[in-house]
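Worksheet: one structure, shown below.
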Amino acid sequence: MTRRIVRAALLSLVAAALTVVVLPAAASARPSSAGPGTLHLQTVPPLPGVVVKVDGQVARSDTRGRLAIRVRDFVGLEKRLVVPETRISPDRKVIFDRFRGNPDAGAHGKAVELGLRTARLVSWSFLDRFGDAVPADRVSAMRLRSNTGEIHDLAGAEVAQPRWVSESRTQQGPQGLVSKQLYYVVDSAMVDGTSVVNRAGQKFVPWEQQAWVVQLLFFRVAFTATDMFFTRQVGDGIELTRADGGVERLPFGRDGTAVVPDLPRGTYTITVFGGGVSFGRPVSISKDQEVTLTVISVTDMTLVTLAILVVAVGLVLLGRPHLLGRLRRAGRAVTAGDGARRPPSRHRRRWRRPRAGAPPRFPAEDDRAAPLRAGVTLVLLLAALAVPLLPPGPARAAVGHRGDATPRPAAVPVPVLAYYYIWFNPTSWNRAKIDYPLLGRYSSDDVEIMRRHVRMAKSAGINGFLVSWKHTPQLDERLAKLVEVAREEHFRLGIVYQGLDFARTPLAFDTVRTDLTYFATRYATDPVFDIFGRPVVVWTGSDRFTAAQIGATVGGVRGKLLVLGNAKSLEDIESSQGALDGQAYYWSSVDPTAGTSGKKLAAMSRAVHQRGGLWIAPVTPGFDARLVGGKREVPRRAGDTLRASFAAARLSDPDAIGVISWNEFSENTHIEPSERFSAADINVLADLLGVRVDIAVPADSSEPGNGDHWGLSAWAALLVAGAVAVLLPLGVLFQRRRSSPSPPGRPSGTEADIEQ
């Protein structure tokens, strides 16, 4: 019993000791986040005046973007922490974006990164090309677009008012949050219904510049009007119809000229009033220029009427020689000294049978055909004189105008496709370029540039573009725009799927499979892609994989698409073992003048055709990629390189010809008219394709068109048509009258004509 009492006492002492020792230790082990403390924050970007609120406390960041604020505890702090939108200066405000990590970590004294988006209050003014101010109320609308896709559409009074725009945003980097500055481009500025800026041609960074200066394309244009057949000036002035439908009357000055010093770029319809007849003539304004319009004056109309009457009377006289004889006799009588008319003779010489041996006469046949022959001869003569005056047609096709070239006998019975790139941004031209397009340093999302490219290519005999693409929001949007343009212009498209990244590393199989599935779902049945019954997709990078890998990647779309590889050798073709629908060799660096390329292309073609595949043979005008890591240059040799490459491709029995390229300016394989080579190579290609075309590109990149429409040439054509309408019926009428039988008792027309 005593032992039990002692044991119970000892246990009580141990329990008391544990209570004294263990419980304080447990209390001291409570996490630090559960207690009060100071939260340290670092703003990204580092900005002063940023406000933070928590637990009734308010703190502002210092000049380095640092701030500290007392909190009751750090548990669930992220939900209690408030970063209100704050205007930290008159033209800048900040908006909370994100934390890096958990704010609870601030319990240990470590600064937590506070990511901020910033907005800037910007304004703009407008200047013309000469630096003179343009009132903001002349600009009816303007569109601004950021590099992240943010759009600001301004109209009316908004154009003249300052505007808040996004200035920066944060993103996660390897070392923490990073602030990225945004920039904006001007997509359009509308004056009188037409845009007076080159799309995406002007760039502004709000972080660096809050007062933007937008340059507008205004031009000095002088209008005059002249007589159609003479050089004298006529008319009282012009009526100028703008793109928005507005009409403005401008009288001619004393010098016969109406000058507009600040006419917005665009296409106008011009009509001359006073002085005669004038039809509306479309005129494209894209540079300082003088425009001479043609007027059909009263003198012109009188001259044309007299000419038609003279021709008609002449035909009548040709068809009735006896009338001509009477006129001659009357003329002689009038010019006689006494003015008396000679009485007509009562005796007529009858037609006598030719003497023996004399050549036979066939007056009826000869004379009956004379009026028709004379009329036709005169019509042909007028037509021959008017042909040089006809409007410039396809033989002088200009950029921005649709006109199918006049083909010679087809030299190439297979489709001709040009590789086309849609990844140009305004900044793309600042890197690794030694040549630039004559259309200007464009952005690939400009629909008007796409349209001009398609029309130029069509006029040169090119049937379609092989468009470089992969599934990104920007390229998807640009491809959709190009599809619409191609549909309107009856042009064909194929796809070059970029299966390599910028470092030339193949994309993952899942990425390729997803992208091709997206394309097939959206475009597999679109007629724009109907070149060989199904859309053509050339997969770059396919030569890096085995046949099994290729089959697993593209097997789901091969029934909807024709997937071609980019094999570079016979070995690459063998390795695919029919897993693809053909091959398109992108051989841009070859020098075809060496004479060895033809054999290689022919061998590859045979290997592809043996497996029932399609073969697209490469054609290139030259090559120089030394600024992007290349080691060699293939000179163009004034078109001889292109001719030799074309000949080698033709000999390989291709299913299509792939021209490398339309606009690859980094490797300098482009045939698009450029500052360095002009339109030389595209004209060489057109000649090789059997197309008569001479593509002339305006030096001004913003020119909407050349404005060659109505003028003297059109009226010359109208005059020829009028002559044909008058002369041919007259000829037929005389033919019928000469052929009709004579009344009884009266000599036939033939006999009467030959009697004296």
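The values are calculated or read from the model by the stated rules, or taken from the named source; none is laboratory data. Just so it is clear, the structure is predicted and the values come from calculations on it, not from any experiment. In this analysis, Cβ positions are derived from the backbone assuming ideal geometry, glycine residues included, and neighbour counts consider all displayed protein chains. Heads up: the accessible areas ignore ligands, DNA and RNA and are worked out on the full protein's heavy atoms, side chains in. Shrake-Rupley method; radii C 1.70, N 1.55, O 1.52, S 1.80 Å.
List the number of the failed condition for Arg87; all other conditions in (1) over 34 Å from the mean Cα position of the chain (by Cα); (2) open to solvent by less than 20 Å² (accessible area, probe 1.4 Å) hold.
(2)
Consider the stretch 599-638. How many of its residues are among the small types (Gly, Ala, Ser), assigned to a helix (DSSP H, G or I), surrounded by fewer than 19 Cβ atoms within 10 Å (Cβ to Cβ) and touching a residue at least 40 places away in the same chain (Cβ under 8 Å)?
2
Has the stretch 457-472 got any residue that is without any contact (Cβ under 8 Å) to a residue 24 or more places away in the chain, out of contact with any strand residue (DSSP E or B) (no Cβ under 6 Å at 6 or more places or on another chain) and either of a type outside the set (Gly, Ala, Ser) or open to solvent by 10 Å² or more (accessible area, probe 1.4 Å) (or both)?
Looking for residues that are without any contact (Cβ under 8 Å) to a residue 24 or more places away in the chain, out of contact with any strand residue (DSSP E or B) (no Cβ under 6 Å at 6 or more places or on another chain) and either of a type outside the set (Gly, Ala, Ser) or open to solvent by 10 Å² or more (accessible area, probe 1.4 Å) (or both), one finds at least one in the stretch 457-472, hence yes.
Do we have Leu317 as at pLDDT below 80, open to solvent by 30 Å² or more (accessible area, probe 1.4 Å) and either over 39 Å from the mean Cα position of the chain (by Cα) or closer than 30 Å to Val196 by Cα (or both) here?
Answer is yes for this residue.
Go through the stretch 645-677 and count every residue that is in contact with a His (Cβ under 6 Å, 6 or more places away or on another chain) and on the phi > 0 side of the Ramachandran plot.
Residues in the stretch 645-677 being in contact with a His (Cβ under 6 Å, 6 or more places away or on another chain) and on the phi > 0 side of the Ramachandran plot: 0 in total.
Return the pairs, sorted by first residue and then second, in which the second residue is crowded, with 18+ Cβ neighbours inside 10 Å and in a strand (DSSP E or B), the first residue lies in the stretch 411-425 and is modelled with pLDDT under 95, the beta carbons are less than 6 Å apart, and the residues are 6+ apart or on different chains.
Taking only residues 6 or more apart or on different chains, the pairs are Val414/Ala656.
So that you can scan it fast, the table gives a plain yes or no per residue for (1) part of a helix (DSSP H, G or I); (2) loosely packed, with under 14 Cβ neighbours inside 10 Å:
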residue: Glu488; (1), (2): yes, yes
residue: Leu493; (1), (2): no, no
residue: Arg504; (1), (2): no, yes
residue: Val557; (1), (2): no, no
residue: Ser575; (1), (2): yes, no
residue: Ala579; (1), (2): no, no
residue: Gln583; (1), (2): no, no
residue: Tyr586; (1), (2): no, no
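Do you know which of the residues in the stretch 684-697 that are open to solvent by 10 Å² or more (accessible area, probe 1.4 Å) and touching a Gly at 6+ places or on another chain (Cβ under 8 Å) is modelled with the lowest pLDDT?
In this case the residue turns out to be Val693.
Any idea which of (1) of a type outside the set (A, V, I, L, M, F, W, C); (2) touching a Phe, Trp or Tyr at 6+ places or on another chain (Cβ under 8 Å); (3) assigned to a loop (DSSP other than H, G, I, E, B) is the one Asp62 doesn't satisfy?
Condition (2) is where Asp62 drops out.
Looking at the stretch 262-284, which of the residues that are open to solvent by less than 30 Å² (accessible area, probe 1.4 Å) and β-branched (Val, Ile, Thr) is nearest to Arg199 (Cα to Cα)?
Ranking the qualifying residues of the stretch 262-284, first place goes to Val283.
Can you tell me which residue is surrounded by the fewest Cβ atoms within 10 Å (Cβ to Cβ) among those in the stretch 527-543 that are among the aromatic types (Phe, Trp, Tyr) and not in a strand (DSSP E or B)?
The qualifying residue surrounded by the fewest Cβ atoms within 10 Å (Cβ to Cβ) is Phe532.
Could you check the stretch 143-257 for strands (runs of 3 or more DSSP E) lying wholly inside it with 3 or more residues that are within 29 Å of Leu293 (Cβ to Cβ)?
Output list reads 184-191, 218-227, 237-241, 247-251.
Checking the conditions here, which among Val82, Val165, Val122, Val139 is farther than 30 Å from Asp262 by Cβ and either open to solvent by less than 50 Å² (accessible area, probe 1.4 Å) or in contact (Cβ under 8 Å) with a residue 12 or more places away in the chain (or both)?
Val82 is the lone residue from the list that is farther than 30 Å from Asp262 by Cβ and either open to solvent by less than 50 Å² (accessible area, probe 1.4 Å) or in contact (Cβ under 8 Å) with a residue 12 or more places away in the chain (or both).
Arg643 - would you say it is within 29 Å of the chain's Cα centre (by Cα), part of a loop (DSSP other than H, G, I, E, B), farther than 28 Å from Ala503 by Cα and among the charged types (D, E, K, R)?
no
Would you pick out the residues in the stretch 225-249 that are over 32 Å from the mean Cα position of the chain (by Cα) and open to solvent by less than 60 Å² (accessible area, probe 1.4 Å)?
Residues satisfying the conditions are Ala225, Thr226, Asp227, Met228, Val234, Gly235, Gly237.
So which of Lys481, Lys470 is modelled with pLDDT of 90 or more and within 24 Å of Ala617 (Cα to Cα)?
Exactly one of Lys481, Lys470 is modelled with pLDDT of 90 or more and within 24 Å of Ala617 (Cα to Cα), namely Lys470.
Residues of the stretch 64-74 being open to solvent by 40 Å² or more (accessible area, probe 1.4 Å) and either closer than 15 Å to Val112 by Cα or modelled with pLDDT of 95 or more (or both), which ones?
Hits for the stretch 64-74 are Arg64, Arg66, Ala68, Arg70.
State whether one or more residues within the stretch 52-63 are of a type outside the set (Lys, Arg) and either at pLDDT below 80 or exposed (fewer than 10 other Cβ atoms within 10 Å of the Cβ) (or both).
Yes, some residue in the stretch 52-63 is of a type outside the set (Lys, Arg) and either at pLDDT below 80 or exposed (fewer than 10 other Cβ atoms within 10 Å of the Cβ) (or both).
If Tyr184 passes every condition in (1) of a type outside the set (Lys, Arg); (2) under 21 Å from Gln474 (Cα atoms); (3) over 31 Å from the mean Cα position of the chain (by Cα); (4) open to solvent by less than 10 Å² (accessible area, probe 1.4 Å) but one, which one does it miss?
Among (1) of a type outside the set (Lys, Arg); (2) under 21 Å from Gln474 (Cα atoms); (3) over 31 Å from the mean Cα position of the chain (by Cα); (4) open to solvent by less than 10 Å² (accessible area, probe 1.4 Å), the lone unmet condition for Tyr184 is (3).
Restricting the search to the stretch 455-503, which residues are over 19 Å from Ile682 (Cβ atoms) and of a type in the set (Phe, Trp, Tyr)?
Trp469, Tyr497, Phe502
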